[in-house]
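Structure first, then comments.
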Amino acid sequence: MKCVRFEDLRTGNKRIGFIDGNVIRCVYGSLETYWQITDETFAMRDVRLLAPCVPKQIICVSFNYQKHAAEFGVEIPREPSIFSKAAHTVVGTGADIIWPKQVQELAFGAELGIVVKKKMKNVKAEDVPKYILGYTCANDVTARDLQRKERQWLRCKSFDTFCPLGPWLETELDPSDLSIRSYVNGVLKQDARTSNMIYNPYEILSYISQSFTLDAGDLILTGTPVGAGLLNEGDEITVEIEGIGKITNRVVME
C-alpha cells in the first residue's frame, strides 16, 4: 500500500490517504496508529504530494556502504555510526531545496528512509519488521563545507529543506535488495543496491532502539551509497528506489 500525505489544491487542506488505482482514497485518523477508509477520493492532478511523514526525530546512519566509506577514506564502522537531522528539514517531492547563504558547498545523498509504526525500545533485529510503517525515498542534503569544519554534524545536516522525502510510504516492501539511484539533471550519479549496506535496515533499527526509544512517525535514514556529490544552483536532483518510486527537487539560492 502506498500511503500519502497531500494538500488539496482547491482548499489548501492537508489530508492523508492511499493510492487506489488512479486516485487517492482518503482516510481519517493517523497512518501511524488507527485510521478509517472513506469513500472520498482525489485525482492526482488536484493535489500536491507532501512529505509522507512528520517525524519528531530523524536518526541517520553514516558510511553504511563500503564503497562510500572508501571514497571518503573512512574505516568501516564496527557498529552503526548514527547522527541526527532536525525534524524541520523535511519537505516533499517537488519542493525546492534552499541553499543557505552561509553554505559554500551543497551535497546530495540518496537514501532509503524508514518510518516507525509504533514505539520501539530494545527490539531484536528479527522483530523489527512489525515496528515498521513503511519505506520512502530520501535525500540527505548536507552543507559539505560546514561538515568538514565541525566535529558534530547537526548544523550541516539541519538547514530547512535538507531532507526531501517521498513520494509516499510503501508499506509492503522487502528492503533487503532494492536498487537505489540518484540523478542530477538526468545524469546518473549513484547506482547501488540496499544489499550493499554494511548494516541492514533491521539491524540499524534494532541497534538504535537499544540506546533510546523510537516513536511512531520517527524517520530513520539508512546511509547513502558511493557517488554522493556536490550540487549547483538550479540543479534538479532525483532519488529513485526500486519498489517505491522517485522524488525530484530543485536547488534554489536563499
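The values are calculated or read from the model by the stated rules, or taken from the named source; none is laboratory data. Everything numeric here is computed off the predicted structure, so don't read it as measured data. Note that each Cβ is placed from the backbone with ideal geometry, even for glycine, and that neighbours are counted across all protein chains shown. These area figures cover heavy atoms from the full protein model, side chains too; ligands, DNA and RNA do not enter into them. Shrake-Rupley method; radii C 1.70, N 1.55, O 1.52, S 1.80 Å.
Restricting attention to segment 188-236, report how many residues are in a loop (DSSP other than H, G, I, E, B), acidic (Asp, Glu) and under 14 Å from residue 108 (Cα atoms).
Qualifying residue count for the region: 2.
So which residues in segment 217-226 are closer than 26 Å to residue 254 by Cβ and not polar (S, T, N, Q), if there are any at all?
Within segment 217-226, 219, 221 qualify.
Say we look at segment 68-99 and pick out the residues that are assigned to a loop (DSSP other than H, G, I, E, B) and exposed (fewer than 15 other Cβ atoms within 10 Å of the Cβ); which of these is modelled with the highest pLDDT?
That would be 79.
Conditions: (1) touching a residue at least 12 places away in the same chain (Cβ under 8 Å); (2) open to solvent by 70 Å² or more (accessible area, probe 1.4 Å); (3) within 22 Å of residue 247 (Cα to Cα). Residue 65 meets all but one. Number of the miss?
Answer for residue 65: the failing condition is (2).
Against the definition (within 14 Å of the chain's Cα centre (by Cα) and either open to solvent by 50 Å² or more (accessible area, probe 1.4 Å) or of a type in the set (Gly, Ala, Ser) (or both)), how does residue 12 come out, yes or no?
No: the conditions fail for residue 12.
One line per residue, one yes/no per condition, for (1) open to solvent by less than 10 Å² (accessible area, probe 1.4 Å); (2) of a type outside the set (A, V, I, L, M, F, W, C); (3) within 17 Å of the chain's Cα centre (by Cα); (4) farther than 30 Å from residue 29 by Cα:
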| site | (1), (2), (3), (4) |
| --- | --- |
| 102 | no, yes, no, yes |
| 106 | yes, no, no, yes |
| 109 | yes, yes, yes, yes |
| 134 | yes, yes, yes, no |
| 150 | no, yes, no, yes |
| 175 | yes, yes, yes, no |
